[in-house]
Amino acid sequence: MRHKHTRLITSLLLAGGLLSAMASLSAQDAASADDSGPLMVPAQRISPDAQAIVDKMTAALQNTKVASISAHGTRDEVLPFGYKVQNHEQVTLTLQSPNKLRAEVTGDIRDRSFVYDGASFVMYSADDNVYTQVKAPDTTLKLVERLLDAGVELPLIDILYQGHEGTLLENVQTGLLIGESNVEGVECDVLAFRQALIDWQLWVQKSDSLPRKFAITTRYAYGQPQVEHVLTWNLKPAISADTFTFKAPEGSQAIPLVNSEALAGETP
């Protein structure tokens, strides 16, 4: 990571404040373990320059109506006895506002596809050659919100959704701009954040304020697993007539989705 001298001095000063804040958080965590007193909720401390960059990113995401995102990354898997292995993953995500989405995920763990056409949502597992298709809400934002509530994992979408909605920093305790970096040929600002259970970094493109990379570490999970992705944006993708249409592969089997009514926003 490259730092200009002034940025380095500023970052060191901010890091000192961050360390003090984290020491305070640790003390409050220890105090909260004592049932004799009330639970202490730490005050949020986000540097103004970090907040400004996130605000610009939110505006950039809100102004993006169509895009194709190619991402590559890694996802840690902690095995018995603490042995940690790193799995690679590739994601292609195509979005068209307000109600079209397609995601293709391939990697070491599993291959799967997600297709949303504004009326129905399909999840397909290539490894098992099975799919589920359910009625879906009428916008992508509503769909993603219900997928997150239902615990359905769709790579990248949670970060992009929270970034779009301006809620990315809601649970952040501390955050700051730590410097600049060139991520695979793209100049970025680098931000670091801490939440109750995770630390995460965000690289934001200087040219257009879109997210370039993120890395998330789950601090208190055994082995402290990490997931990270590098994103490449195409704001003028070639979208064909069948981009958001699912065609069941030959021999595939349809299976039901548990709690599909909740995903569609219906009362069973």
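Each reported figure results from applying straightforward, stated rules to the coordinates on display, with no laboratory input. These figures come from a predicted structure and were not determined experimentally. Every residue, glycine among them, receives a Cβ derived from its backbone with ideal geometry; neighbour counts consider all protein chains shown.
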Response to the item:
Whole-Hz Karplus couplings 3J(HN,Hα) for region 77-86, θ = phi - 60° and coefficients 6.51, -1.76, 1.60, Gly and Pro as x, run 10, 9, 8, x, 6, x, 6, 10, 10, 10
Worksheet item: Tell me, in nm to one decimal, what length is gained between SER125 and GLU170 on full extension, where the rule is 0.36 nm per residue of separation less the Cα-Cα distance?
Response: 12.9 nm
Discussion item. What are the ³J(HN,Hα) couplings of region 231-246, residue after residue, when phi is run through the Karplus curve with 6.51, -1.76, 1.60 and θ = phi - 60°? Round to Hz, x for glycine and proline.
Written reply: 10, 10, 9, 10, 8, 9, x, 7, 10, 8, 5, 9, 4, 9, 10, 9
Discussion item. For THR174, what residues show an amide H to amide H distance below 5 Å, using hydrogens built from the backbone and excluding near sequence neighbours?
Written reply: ARG45, ARG194
Fill in: Sequence-distant lysines (8 or more away, or on other chains) whose Cα lies within less than 24 Å of LYS135
LYS65, LYS100, LYS247
Worksheet, complete the sentence: The aspartates and glutamates whose Cα lies under 13 Å from the Cα of LYS213, excluding any fewer than 8 residues away in the same chain, are GLU180, GLU184, GLU187, ASP189, GLU228
Fill in: Ranked by how many other beta carbons lie within 10 Å on average, peptides 158-168, 179-189 from highest
158-168, 179-189
Discussion item. For region 151-268, place one equal point scatterer on every Cα, skip the solvent, and apply the Debye formula. What is log10 of I(q)/I(0) at q = 0.14 Å⁻¹?
Written reply: -0.84
Worksheet item: Ordered by residue, what ³J(HN,Hα) values in Hz, to whole numbers, does region 129-141 give under the Karplus form 6.51 cos²θ - 1.76 cosθ + 1.60, where θ = phi - 60° and Gly and Pro are x?
Response: 6, 10, 8, 10, 10, 9, 5, 10, x, 8, 9, 5, 4
